[in-house]
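J.: Please find one structure pasted underneath; my questions will follow.
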Amino acid sequence: MAVIPKYTTGELAKQAQVSVRTIQYYAQRGLLIPIELGANDHRYYDQAALDQLKLIILLKQLGLSLTMIKQVLTSEEAPAVLDLLLVQQAAKLADQLTTTKAQLAQIEALRPTLPTLTTLSFDALHGVTQLMKQSQSLHVVHRNLLLWGGLLDLVEIGTLIWGLWRGQWWPFVIGMGLVVIGAGVLSWRYFQQVAYRCPHCQQQFSPTFRQAFFARHTAKTRYLMCPHCQVKHFCVEVSR
């Protein structure tokens, strides 16, 4: 007859590479049930308890709380309950990862600006972080503009090739009409999403569509009159 192995609290802790206090705490929470109580309240556990302890440790490493783990261990539908909890935990970790990546990006963008700051104050750091957030938003605006602008280019080039190949120019005429209308809508939407920061007074302002559309500009600036200081500069483009 095979001898069923029994483990004291210390032996169980050693087998699972955890502390005795951890075993005692799990027992208090009802996660580990001893098979025998000896003299002086000594507790003995069997192989099933050791296997359950290893499962508890694994689930803890996956980020599940002891309350969640107890739900799994006491449920008659343990695999289904565990699957549901793991889905929830995966969603939680994905959110944390997104937040962590955003924080890391802010840190990496903030560090190079520190040597330019004369004082370390809330206003200085807040201004830098606000500019970083606006820069990230502006990147999305530019990406969308390039995407839709590329589609308009495809319409223009596609209808032109069709006209040259088939000798039918009415698609090109219609296409160019759509391109002109689309370009106008894109420009209007673009200037609704951006503003400009004056390099002289550091104030942010939103010019009219006409002022912005016809102003001289570079990739990141436009030559505009600041309504706050009444000085004309190449003002830096930021997102609203």
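Where a number appears in this text, it was derived from the coordinates with a stated rule and is not lab data. Quick caveat, the model's predicted, so the values are computed rather than measured. Neighbour counts are summed over all protein chains in view; Cβ atoms, including those assigned to glycine, are modelled from backbone coordinates with ideal geometry.
J.: For region 199-224, which residues satisfy the criterion of being hydroxyl-bearing (Ser, Thr, Tyr) and assigned to a helix (DSSP H, G or I)?
T.: Those that are hydroxyl-bearing (Ser, Thr, Tyr) and assigned to a helix (DSSP H, G or I): none in region 199-224.
J.: Would you point out which residue out of 97, 73 is under 19 Å from residue 33 (Cβ atoms), out of contact with any His (no Cβ under 9 Å at 6 or more places or on another chain) and assigned to a helix (DSSP H, G or I)?
T.: After ruling out the rest, the residue left standing is 73.
J.: Another question, then. Can you tell me which condition residue 170 does not meet? The list is (1) farther than 25 Å from residue 139 by Cα; (2) surrounded by 13 or more Cβ atoms within 10 Å (Cβ to Cβ), and all the others hold.
T.: Of the numbered conditions (1) farther than 25 Å from residue 139 by Cα; (2) surrounded by 13 or more Cβ atoms within 10 Å (Cβ to Cβ), the odd one out for residue 170 is (2).
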